[in-house]
Each structure stands twice: as C-alpha cells, then as structure tokens.
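First the structure, in the form of structure tokens, and then the observations on it.
The values are calculated or read from the model by the stated rules, or taken from the named source; none is laboratory data. Note that the structure is predicted; figures quoted are calculated from it, not measured. Because the Cβ atoms are built from the backbone with ideal geometry, glycine has one as well, and the counts that use them run over all protein chains shown.
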Amino acid sequence: MKGYPESNYPLFRRVAAELRAQGHQVYNPAEFDYCRTTHPTFPLRVAFAEYSAFICSKADAIVLLPGWHKSLGVSAELALAKNCQLDIYEYVEPSLRQITA
C-alpha cells in the first residue's frame, strides 16, 4: 500500500500469520516473488490477474486492512469480492469485524 512504510507488508504478514494460525488458507500478495525488493519493477497487471483469479475461484472472504479505503487496488478487489458474493471483513486490531455476509 502506497504511503506506508515497507508498503504495509509487515501488517500484511502479521495478519496472514494470525489467520493461518486459525486454520484459514490465505492469499497474501506481499508474499509473492513480484513483491520482493529484488524484483526491478512491480508487474501490476500480473498481480491483479493472479489475485482476481484467486478471488473468483477459491476465496470465500476477503480481509481489508486499516487504510484500505485509500487504496485504488483494494477498491477494485472489493468490487470483485462483492460481485462474487464473498464475505468481507475489516481487520480492526486485534480482531476481524464482518462488513458483509
């Protein structure tokens, strides 16, 4: 997420670890090779294509992190999740709050 130190990846990783500890399968964009600092450019289209495919075919919910309303990318993911009728949660430390069912 633009405007956050380290693109907010530390929070992405922490929330993903918490969800996995609860038994959830997590798709965390911060964990994939295209997000590593060794990659010279961020292939935005590849990232959105992969995440969109996951949302459409495998996800049953998405989790929004603090500051999500400022992210253009999250607004696209949220629209896709709503159209796929997924549950939508907002992470409000230290837990999740369901927005839609």
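Mind listing whichever residues of the range 1-18 are among the hydrophobic types (A, V, I, L, M, F, W, C) and assigned to a loop (DSSP other than H, G, I, E, B)?
1
Select from the range 68-91 the residues that are part of a helix (DSSP H, G or I) and touching a strand residue (DSSP E or B) at 6+ places or on another chain (Cβ under 8 Å) and list them in ascending order.
Listed by number, the residues that qualify are 68, 74, 77, 78, 81, 82.
Is one or more of the residues making up the range 73-90 among the hydroxyl-bearing types (Ser, Thr, Tyr) and in contact (Cβ under 8 Å) with a residue 40 or more places away in the chain?
Looking only at the range 73-90, we keep the residues that are among the hydroxyl-bearing types (Ser, Thr, Tyr), and these are 75, 89.
From what is left, the residues that are in contact (Cβ under 8 Å) with a residue 40 or more places away in the chain are none.
No, every residue in the range 73-90 fails to be among the hydroxyl-bearing types (Ser, Thr, Tyr) and in contact (Cβ under 8 Å) with a residue 40 or more places away in the chain.
Name the residues in the range 46-82 that are out of contact with any helix residue (DSSP H, G or I) (no Cβ under 9 Å at 6 or more places or on another chain) and within 13 Å of residue 29 (Cα to Cα), would you?
Restricting attention to the range 46-82, the residues satisfying the condition of being out of contact with any helix residue (DSSP H, G or I) (no Cβ under 9 Å at 6 or more places or on another chain) are 49, 53-54, 57-58, 60, 70, 72, 79, 82.
Selection gives 49, 53, 54.
Between a first residue in the range 54-67 that is in contact (Cβ under 8 Å) with a residue 60 or more places away in the chain and in a loop (DSSP other than H, G, I, E, B) and a second residue that is surrounded by 14 or more Cβ atoms within 10 Å (Cβ to Cβ) and polar (S, T, N, Q), which pairs have beta carbons less than 8 Å apart while being 6 or more apart in sequence or on different chains?
Within 8 Å, the pairs are 65/8; 67/8.
Write out, first by first residue and then by second, each pair whose Cβ atoms fall under 7 Å of each other, whose residues are 6+ apart or on separate chains, and whose first residue, in the range 1-24, is closer than 18 Å to residue 97 by Cα while the second is modelled with pLDDT under 90.
Listed pairs, sorted by first residue: 12/28; 12/30; 16/28.
Taking the range 31-43 as the search range and keeping residues that are assigned to a helix (DSSP H, G or I) and within 14 Å of the chain's Cα centre (by Cα), which one is modelled with the lowest pLDDT? Reasoning before the result, please.
Quick first cut of the range 31-43, residues assigned to a helix (DSSP H, G or I) only: 31, 33-35.
If we keep only those that are within 14 Å of the chain's Cα centre (by Cα) too, we end up with 31, 35.
Details: 31: 79, 35: 52.
Looking at residues that are assigned to a helix (DSSP H, G or I) and within 14 Å of the chain's Cα centre (by Cα), I get 35.
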